[in-house]
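The values are calculated or read from the model by the stated rules, or taken from the named source; none is laboratory data. It should be emphasised that the depicted structure is a prediction, and the values quoted were computed from it without experimental measurement. Glycine gets a Cβ as well: all are built from the backbone with ideal geometry, and neighbour counts include every protein chain shown.
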Amino acid sequence: MEIAILTLVAYLFGALPFGLFVAKSRGIDIRQQGSGNIGATNVFRCVGKGWGIFTFTLDVLKGFISAFFFPKLLEVDPEWGVLFGLAAIIGHTFPVYLKFKGGKGVATSAGMLLGVAPMVVGIGLLAWGICMVVWRYVSLASMVAAVVIAGVVWVVDKGWIVNSALTALGVMVIWLHRANIKRLLNGTESRIGKKKEDNV
């Protein structure tokens, strides 16, 4: 029962639309700007770099706090952090507060990974950074990082629960970026430093 309750708490925590809150504090409804999404990338483009980074940090904390600290609260195996982290990611992606229309969960996923597999997320962030330097597409960098993480976790072997969860997470990230994939193939996806596009 305690695990079920804390899983619900993680979902509700993850569903908090920090991007919307941050943008509104600056007098902007982020849902009416750029891509219309509430994630850090859209805040970065439409509100400002500093506010985008701040939003990214808050979204990362959703996943990290749920994955790292919630198992400690219940004094259960750290692998339960995967469940709580995934609940936070689902909350961010499908927030009950916004009729289940949220972000793409990349930042919150990174936070969850930091809580359960920090070395793996370090490799994923390296892949993300390289892609950003070379191509400057947030969507492409996020998908590459998701695939790298899904592969690396099996190499370092964090256990079948963590391995399977992060593989499923990678698939979800790709699926949520399906519109970006079409734009990448059509050559219409915008790059950081240029015009508006999707979020994390």
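For G63, which of the numbered conditions (1) within 21 Å of W175 (Cα to Cα); (2) at pLDDT 95 or above; (3) surrounded by fewer than 24 Cβ atoms within 10 Å (Cβ to Cβ) fails to hold?
Unmet condition: (3).
Could you tell me how many of the residues in region 66-78 are modelled with pLDDT under 95 and either buried (at least 24 other Cβ atoms within 10 Å of the Cβ) or not in a helix (DSSP H, G or I) (or both)?
The qualifying residues number 4.
For F69, state whether it is hydrophobic (A, V, I, L, M, F, W, C), farther than 17 Å from A165 by Cα and within 14 Å of the chain's Cα centre (by Cα).
no
Which condition from (1) over 15 Å from the mean Cα position of the chain (by Cα); (2) closer than 19 Å to T167 by Cα is the one that G115 breaks?
In the conditions (1) over 15 Å from the mean Cα position of the chain (by Cα); (2) closer than 19 Å to T167 by Cα, G115 misses (1) alone.
Can you say whether S109 is under 30 Å from V9 (Cβ atoms), out of contact with any helix residue (DSSP H, G or I) (no Cβ under 8 Å at 6 or more places or on another chain) and not β-branched (V, I, T), as far as the supplied structure shows? I'd like the intermediate steps shown before the answer.
Values: under 30 Å from V9 (Cβ atoms): yes; out of contact with any helix residue (DSSP H, G or I) (no Cβ under 8 Å at 6 or more places or on another chain): no; not β-branched (V, I, T): yes.
Here the answer is no, as S109 does not meet what is asked.
Take G81 and decide whether it is in contact with a Cys (Cβ under 6 Å, 6 or more places away or on another chain), crowded, with 18+ Cβ neighbours inside 10 Å and either at pLDDT below 95 or in a helix (DSSP H, G or I) (or both). Quick ask: steps written out before the conclusion?
Values: in contact with a Cys (Cβ under 6 Å, 6 or more places away or on another chain): no; crowded, with 18+ Cβ neighbours inside 10 Å: yes; either at pLDDT below 95 or in a helix (DSSP H, G or I) (or both): yes.
Considered against the rule, which asks whether it is in contact with a Cys (Cβ under 6 Å, 6 or more places away or on another chain), crowded, with 18+ Cβ neighbours inside 10 Å and either at pLDDT below 95 or in a helix (DSSP H, G or I) (or both), G81 comes out as no.
State which residue is surrounded by the most Cβ atoms within 10 Å (Cβ to Cβ) when the search covers only region 163-183 and only residues that are of a type outside the set (A, V, I, L, M, F, W, C) and more than 14 Å from the chain's Cα centre (by Cα).
My answer is N180.
What's the number of the condition G105 fails, among (1) on the phi < 0 side of the Ramachandran plot; (2) of a type outside the set (D, E, K, R); (3) surrounded by 21 or more Cβ atoms within 10 Å (Cβ to Cβ)?
(1)
Has region 45-63 got any residue that is in contact with a helix residue (DSSP H, G or I) (Cβ under 6 Å, 6 or more places away or on another chain) and not in a helix (DSSP H, G or I)?
For region 45-63, residues in contact with a helix residue (DSSP H, G or I) (Cβ under 6 Å, 6 or more places away or on another chain) and not in a helix (DSSP H, G or I): present.
Given A117, A141, A146, which one is in contact with a helix residue (DSSP H, G or I) (Cβ under 9 Å, 6 or more places away or on another chain), within 25 Å of L20 (Cβ to Cβ), touching a residue at least 24 places away in the same chain (Cβ under 8 Å) and surrounded by 23 or more Cβ atoms within 10 Å (Cβ to Cβ)?
A146
When only residues in region 1-29 that are closer than 14 Å to L73 by Cβ and of a type outside the set (A, V, I, L, M, F, W, C) count, which is modelled with the lowest pLDDT?
E2
Which condition does N186 not pass, out of (1) more than 23 Å from S66 (Cα to Cα); (2) crowded, with 24+ Cβ neighbours inside 10 Å; (3) of a type in the set (S, T, N, Q), if it passes all the others?
The single condition N186 does not satisfy is (2).
Would you check if W160 is out of contact with any Phe, Trp or Tyr (no Cβ under 6 Å at 6 or more places or on another chain) and surrounded by fewer than 19 Cβ atoms within 10 Å (Cβ to Cβ)?
yes
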